[in-house]
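Here the structure comes first, spelled out in C-alpha cells, and everything after it is commentary.
Only the coordinates and a few stated rules stand behind these numbers; no lab work does. As the structure is a prediction and not an experimental result, all values here were calculated from the model. Neighbour counts are summed over all protein chains in view; Cβ atoms, including those assigned to glycine, are modelled from backbone coordinates with ideal geometry.
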Amino acid sequence: ALLFGMRFDAEDAVRHGLALSVAEDPLAAALDLAAGPASAPREVVLATKASMRATAIPGFTDFDHHEAAKNIELGPQAASIESPEFAARLAAARQAR
C-alpha cells in the first residue's frame with residue numbers, strides 16, 4: 001500500500017492502525033468480522049445506518065456538527081440499551097470473559 005509517499009506491507013498496516021489484522025484466509029476473517037453486525041437486531045442496524053447517513057458530511061467536523069450527530073444518535077442508542085436483545089448480548093459478553 002502507499003500512504004504519504006510510504007510503501008508498507010500488511011503487518012505495517014496493522015501496526016499503523018490501518019488494518020485490524022493480517023489473515024491467512026481473508027474470506028474467513030471477513031466472515032468472522034461480519035458475524036457480529038450480521039447477528040445484531042435489525043432495528044439496531046437500520047438505526048446505525050440512518051445515523052451514519054444523517055451525519056456524513058465530508059470535511060465538516062465543527063462543534064455544531066458534532067452536537068447534531070450526538071442528538072441524532074441519542075434516541076436510537078437509548079432505545080437499544082433498553083432492549084431485551086441488548087441485555088442478552090451483554091450477558092453473553094460477560095459470560096465469555
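Data table
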item: Sites THR55 and ALA23 - FRET efficiency at Förster radius 25 Å, r taken between beta-carbons, to 0.05; result: 0.25
item: Most mobile of ARG42, ARG53, ARG15 in a GNM of the chain (Cα contacts under 10 Å); result: ARG15
item: Cβ-Cβ FRET estimate between ALA88 and LEU31, R0 fixed at 35 Å, reported to 0.05; result: 0.95
item: Sum of -39500 (n - 2.57) over DSSP H runs of 4+, divided by residues of the chain (222 nm, nearest 500); result: -21000 deg cm²/dmol
item: Label point distance in nm, GLU43-HIS66, each placed 7 Å from Cα along Cα→Cβ; result: 3.1 nm
item: Choice from SER51, SER80, SER21 with maximal GNM fluctuation in the chain (Cα, 10 Å cutoff); result: SER21
item: Which labelled figure in (i) 5.5; (ii) 6.8; (iii) 9.2 is mean projected area of the Cα convex hull in nm², once derived from the coordinates; result: (iii)
item: Separation of alpha-carbon centers, the stretch 68-97 and the stretch 25-40, rounded to whole Å; result: 20 Å
item: Amide N proximity, the stretch 26-43 versus GLU11 label position 7 Å along Cα-to-Cβ, cut-off under 11 Å; result: none
